Amino acid sequence: MKKHLLLLIISTFAYFFATAQTGSVKGFIYDKDNGEPVIFSPVFLKGTGYGTTTDINGFYSITKVPVGNYKLAASAIGFDTLYADITITDDGVVSKQFQLSKRVINLKSVEVSAEREAQKTEVRISVQKITPKDIKIVPSVGGEPDLAQYLQVLPGVVFSGDQGGQLYIRGGTPIMNKVLLDGMVIYNPFHSIGLFSVFDTDILRNADVYTGGFNAEYGDRISSVMDITTKDGNKKRVSGKISGSTFGSKALVEGPIKKQNDNGGGSTSFLLSFKNSYLDQSSKTFYDYVNTNDGGLPYSFQDIYGKVSMNGENGSKLNVFGYNFTDDAKFRDIATIGWKSSGFGSNFILVPKGSNTLMEGVFAFSQYKIKQQEASDKPRSSGVNGFNMGLNFVSYNNKDELKYGFEVLGFRTEYLAYTITGLKNEQIENTTEFGSFIKYRITRKKFVFEPSMRIQYYASLSEFSPEPRFGFKWNASDKFRVKLAGGMYSQNLLSTSSDRDVVNLFYGFLSGPETLPSEFNGKEVKSHLQKARDLVLGTEFDLTKHLDLNVETYIKDFNQLTNINRDKVYPDNGTYSNEPDYKTKDYIVESGKAYGADVVLKYEYKKLYLWAVYSLGFVTRNDGIRTYSPHFDRRHNVNLVGSYTFGKRLDWEFNVRWNYGSGFPFTKTAGFYEYLNFSGGLYTDPNTANGYLGTSYGELNDGRLPDYHRMDVSVKKTFYVGKNSNIEVIGSVINVYNRENIFYFDRVRFKRVNQLPTIPSLGVNMSF
């Protein structure tokens, strides 16, 4: 009996030891045609439950795999599935790269939904993962699909107009949106006309847009994050695209410096993109009916982006990149505005041999300068320049993921403007910030947990900000999921824009001032940061195989904000020390609330794509004197998007978008008066001195503009002229039924100026 018991114990330990012996497999998935990573695609061990999806770099890692022989499969929509025989050894790490070929015969009955699988293993709350394919679904205004047009249809996003438009996301202002391009901070991603971003769609690999509840990986913003990654450039051959339209022209060229072979291996590639608008000139001929003093549309811009990518055999890479963006808008007798943005940087990925940990790093410098001259006001100018650097580590453990790292930011802000009473507001500030974070994604059966923590230190203010955040998902069934996310957020950078008008072209930057009012709503002001708390609750429901419903409710508590003091009437000096802070301080403290719900219904099957988005939002601000609605408080926002591909070779494509938005708040004009600047001091004679026409305003934003709605359509025909060459002809119409949507109201001339009327355009693109 003892002998049998001993044998049983030994066998049990032996079995446990054997089952505890595990290894892992990792690698990258590439497109065989151009060497670009194949992102968000499934990789799995056939006949087992072990699998994952590739990340933004095409990287995958499957860990905790029992020792043995397996068949590893890599698959992606539109590509042939590849298999490889691998052997997992104890504590061994197998590296395997795949080069996927485009599927010759499109088997439409066979579909792989990596997206839905990823939804079950990741929290993915309040985030949209955008690819160039998605962007091209929205009507191509001017012949070129653009990220700016796609962002306008996202849930929770309010776009302030056709001209001078900016993104307001779930109650936050544009400065509360962090925009990263290959890890580099971009301070203004949109041109003045509002239809175009600074990013060429053809250079983009992916854009992650977080409208709220984002984890501790991102800091220094309290509302949203837009994380954009560009392509590496074609590693196999020289390719490109040349485009021209009534709006502008574009050229893109990419190719290998050191060619990648068919089995992968090391390579060096380049990418260069150039965009130029000549709308200010062409519109005088094609759109001379547009209601401006100059005739046509007085906008012009120019964008240049370049990148060199060096890739190692094991997937490690080093990228070097740079950009230069410019923008000009000239309204004769009204305002002239122009800005320039430039930057350069480098990022890298290291894949240590025999480890399931990735290293990611970035160093970049960027700057932005803007000037505006209004006919009825004094000039304004602003600028920001600085660097950002960071180092992150990502470790994989089965379906769990640990990510941690640190970040350093340093920037200089310059700002010059005047209050409505003529008092000068000027700031020059140097700021340094340090951040560190850790997040851990834990997957257990039907539950996904993602706790994270960020520590932010603002050196110029000598202030720490601990920011706990969390994410949670419950896979209640294969078709229904519940998700929850929230956290605490802070930032120092702020901007100024007019609270008087719904559209403001001037986008200036300031650092959080050290001198703020000592009290706000009867409480001592102890912090100089802008702070917010965010909570999001949502559900995902796969109604059918091709129909998805996503519902999210949210509440944002902006418990401390900094704003320009619109009520300042006295200089902040000893002469007026008895006056209250709201009459003397350059800056004021505010608080705010934003809450609402976003509903998204998406249908996608074969040739047809339909997307319906409804957003309900309530936004308020309190400045200690009044509670008011900011100018971007839009109660209802609806976007309907449709895309249909047809023809024998699927060479025709029709796209349509309709947008409805309830009216924005605005401040009514109460009257006018003669404003004297007393240039002669006490000896100024008010009877003979020449004054300025001053405006007397009513209650802040107590009026509502008319509702906004617009329909855009585009039709595309593709001509295939070679194996790798085609010509696209795109016709589009902005504002099909010529809705008169207000742009702004000229208070001095008592004249309404509308946004864009019906504007047709024709574009031709040649790819090679």
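The values are calculated or read from the model by the stated rules, or taken from the named source; none is laboratory data. Everything numeric here is computed off the predicted structure, so don't read it as measured data. Here Cβ is always computed from backbone atoms with ideal geometry, including for glycine, and neighbour counts include all displayed protein chains.
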(message) Just the residues that are closer than 22 Å to P189 by Cα and surrounded by 21 or more Cβ atoms within 10 Å (Cβ to Cβ), please, taken from the stretch 301-316.
(response) F301, D303, Y305, K307
(message) Looking at the stretch 332-367 only, could you name the residues that are surrounded by fewer than 20 Cβ atoms within 10 Å (Cβ to Cβ), aromatic (F, W, Y) and over 30 Å from S61 (Cβ atoms)?
(response) F344, F365
(request) Evaluate the stretch 556-572: report whether one residue or more is modelled with pLDDT of 95 or more, in the same structural domain as E429 (by TED's automatic domain parsing) and within 20 Å of the chain's Cα centre (by Cα). (result) yes
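Taking S243, is it without any contact (Cβ under 8 Å) to a residue 60 or more places away in the chain, of a type in the set (G, A, S), in a strand (DSSP E or B) and in the same structural domain as K531 (by TED's automatic domain parsing)? Before you say what the answer is, go through the steps one by one.
Details: without any contact (Cβ under 8 Å) to a residue 60 or more places away in the chain: no; of a type in the set (G, A, S): yes; in a strand (DSSP E or B): yes; in the same structural domain as K531 (by TED's automatic domain parsing): yes.
Judged against the criteria, S243 is not a match.
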(message) Between a residue in the stretch 607-633 that is small (G, A, S) and any residue that is assigned to a loop (DSSP other than H, G, I, E, B) and at pLDDT 90 or above, which pairs come within a Cβ distance under 6 Å, given they are 6 or more apart or on different chains?
(response) S615/P155; S615/G156
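Given F393, F363, which one is in contact with a Lys or Arg (Cβ under 9 Å, 6 or more places away or on another chain) and either among the aromatic types (F, W, Y) or outside the structural domain of T496 (by TED's automatic domain parsing) (or both)?
Working: F363 fails: in contact with a Lys or Arg (Cβ under 9 Å, 6 or more places away or on another chain).
When all the criteria are applied, what remains is F393.
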(message) Tell me the residue from T515, T544, T553 that is modelled with pLDDT of 90 or more, in a loop (DSSP other than H, G, I, E, B) and in the same structural domain as S629 (by TED's automatic domain parsing), please.
(response) T544
(message) Taking the conditions exactly as written (within 20 Å of L252 (Cβ to Cβ), surrounded by fewer than 17 Cβ atoms within 10 Å (Cβ to Cβ) and within 24 Å of the chain's Cα centre (by Cα)), does N319 satisfy them or not?
(response) no
(request) Run N206 past the list (1) under 17 Å from M766 (Cα atoms); (2) part of a strand (DSSP E or B) and report the number of the one that doesn't hold. (result) (1)
(request) Check V569, V589 and return the single one that is on the phi < 0 side of the Ramachandran plot, among the hydrophobic types (A, V, I, L, M, F, W, C) and not in a strand (DSSP E or B). (result) V569
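From the list L535, L547, L543, which residue is surrounded by 15 or more Cβ atoms within 10 Å (Cβ to Cβ) and of a type outside the set (S, T, N, Q)? Quick ask: steps written out before the conclusion?
Details: L547 fails: surrounded by 15 or more Cβ atoms within 10 Å (Cβ to Cβ); L543 fails: surrounded by 15 or more Cβ atoms within 10 Å (Cβ to Cβ).
Only one candidate passes the filter, namely L535.
Being in the same structural domain as D567 (by TED's automatic domain parsing) and touching a helix residue (DSSP H, G or I) at 6+ places or on another chain (Cβ under 6 Å) is true for just one of T413, T357, T432. Which residue is that? Explain how you work it out, then say what you get.
Details: T413 fails: touching a helix residue (DSSP H, G or I) at 6+ places or on another chain (Cβ under 6 Å); T357 fails: touching a helix residue (DSSP H, G or I) at 6+ places or on another chain (Cβ under 6 Å).
None of the others qualify; the one that does is T432.
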(message) Which of the numbered conditions does I625 fail, given that it passes all the others? Conditions: (1) buried (at least 22 other Cβ atoms within 10 Å of the Cβ); (2) of a type in the set (A, V, I, L, M, F, W, C); (3) not in a strand (DSSP E or B).
(response) (1)
(request) Check R237 against each of (1) of a type outside the set (V, I, T); (2) free of Cβ contacts under 8 Å to residues at least 40 places away in the same chain; (3) farther than 25 Å from R634 by Cβ and name the one condition it does not meet. (result) (2)
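Scan the stretch 579-600 residue by residue and report those that are among the basic types (K, R) and surrounded by fewer than 16 Cβ atoms within 10 Å (Cβ to Cβ).
Keep residues of the stretch 579-600 that are among the basic types (K, R), which gives 583, 585, 593.
Passing the criteria: only K583.
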(message) Test of understanding: among K445, K403, which residue is under 30 Å from G471 (Cβ atoms), at pLDDT below 95 and among the basic types (K, R)?
(response) K445
(message) If T22 meets every condition in (1) modelled with pLDDT of 70 or more; (2) within 25 Å of N311 (Cβ to Cβ); (3) in contact with a Pro (Cβ under 7 Å, 6 or more places away or on another chain) apart from one, which number is that one?
(response) (2)
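Filtering the stretch 708-728 down to residues that are under 24 Å from L640 (Cα atoms) and more than 26 Å from the chain's Cα centre (by Cα), which residue is surrounded by the most Cβ atoms within 10 Å (Cβ to Cβ)? Spell out how you get there, then give the answer.
Step one: list which residues in the stretch 708-728 are under 24 Å from L640 (Cα atoms), which gives 708-717.
Those still in the list that are more than 26 Å from the chain's Cα centre (by Cα) too: 715-717.
Numbers: V715: 16, K716: 22, K717: 13.
It comes out as K716.
Do we find a residue being of a type in the set (A, V, I, L, M) and either more than 30 Å from Q260 (Cα to Cα) or not assigned by TED's automatic domain parsing to the domain that holds D707 (or both) anywhere in the stretch 224-240? It would help to see each step written out before you state the result.
Narrowing the stretch 224-240 to residues of a type in the set (A, V, I, L, M): 225-226, 228, 238.
Subsequent filtering for residues that are either more than 30 Å from Q260 (Cα to Cα) or not assigned by TED's automatic domain parsing to the domain that holds D707 (or both) retains 225-226.
Looking for residues that are of a type in the set (A, V, I, L, M) and either more than 30 Å from Q260 (Cα to Cα) or not assigned by TED's automatic domain parsing to the domain that holds D707 (or both), one finds at least one in the stretch 224-240, hence yes.
Considering Y595, Y576, which residue is touching a Lys or Arg at 6+ places or on another chain (Cβ under 8 Å) and without any contact (Cβ under 8 Å) to a residue 12 or more places away in the chain?
The conditions single out Y576.
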(request) Would you please list the contacts, defined by Cβ atoms under 6 Å and residues six or more apart or on different chains, that run from a residue in the stretch 122-141 that is under 22 Å from L549 (Cβ atoms) to a residue that is assigned to a helix (DSSP H, G or I) and among the aromatic types (F, W, Y)? (result) V138/Y150
(request) Determine which single condition T553 fails, assuming it passes every other condition in (1) buried (at least 18 other Cβ atoms within 10 Å of the Cβ); (2) of a type outside the set (A, V, I, L, M, F, W, C); (3) within 30 Å of D220 (Cβ to Cβ). (result) (1)
(message) Here is a list: L416, L358, L423. Which entry is touching a Pro at 6+ places or on another chain (Cβ under 7 Å) and either at pLDDT below 95 or among the aromatic types (F, W, Y) (or both)?
(response) L423
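So which of G219, G233 is touching an Asp or Glu at 6+ places or on another chain (Cβ under 6 Å) and not hydrophobic (A, V, I, L, M, F, W, C)? Full working, then the answer.
Working: G219 fails: touching an Asp or Glu at 6+ places or on another chain (Cβ under 6 Å).
Going through G219, G233 in turn, just one is touching an Asp or Glu at 6+ places or on another chain (Cβ under 6 Å) and not hydrophobic (A, V, I, L, M, F, W, C): G233.
Consider G183 carefully, then state whether it is at pLDDT 90 or above and within 13 Å of the chain's Cα centre (by Cα).
Details: at pLDDT 90 or above: yes; within 13 Å of the chain's Cα centre (by Cα): yes.
The answer is yes for G183.
When you go through D134, D146, D200 one by one, which is the residue that is among the charged types (D, E, K, R), touching a helix residue (DSSP H, G or I) at 6+ places or on another chain (Cβ under 7 Å) and surrounded by 22 or more Cβ atoms within 10 Å (Cβ to Cβ)? Outline the logic, then answer.
On the way: D134 fails: surrounded by 22 or more Cβ atoms within 10 Å (Cβ to Cβ); D200 fails: touching a helix residue (DSSP H, G or I) at 6+ places or on another chain (Cβ under 7 Å).
None of the others qualify; the one that does is D146.
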(message) For the stretch 731-768, which positions are assigned to a strand (DSSP E or B) and of a type in the set (F, W, Y)?
(response) F743, Y744, F745
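I'd like to verify a number: residues in the stretch 149-164 that are touching a residue at least 24 places away in the same chain (Cβ under 8 Å), touching a helix residue (DSSP H, G or I) at 6+ places or on another chain (Cβ under 8 Å) and either assigned to a loop (DSSP other than H, G, I, E, B) or of a type outside the set (A, V, I, L, M, F, W, C) (or both), how many? It would help to see each step written out before you state the result.
So the first thing to find is which residues in the stretch 149-164 are touching a residue at least 24 places away in the same chain (Cβ under 8 Å), and the list is 149, 151-164.
Now drop any that are not touching a helix residue (DSSP H, G or I) at 6+ places or on another chain (Cβ under 8 Å), which leaves 149, 157, 159.
Add one more test, that the residue is either assigned to a loop (DSSP other than H, G, I, E, B) or of a type outside the set (A, V, I, L, M, F, W, C) (or both), and what stays is 149.
Going through the stretch 149-164 one residue at a time, the tally reaches 1.
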(request) Restrict the check to the stretch 669-676 and report whether at least one residue is of a type in the set (S, T, Y) and under 27 Å from F558 (Cα atoms). (result) no
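Please find, within the stretch 322-352, the residue that is farthest from the chain's Cα centre (by Cα) out of those that are more than 30 Å from Q372 (Cα to Cα) and of a type in the set (A, V, I, L, M). Reasoning before the result, please.
Filtering the stretch 322-352 down to residues more than 30 Å from Q372 (Cα to Cα) leaves 346-352.
Of the ones still in play, those that are also of a type in the set (A, V, I, L, M) are 349-351.
Working: I349: 22, L350: 26, V351: 27 Å.
Checked the stretch 322-352; the qualifying residue farthest from the chain's Cα centre (by Cα) is V351.
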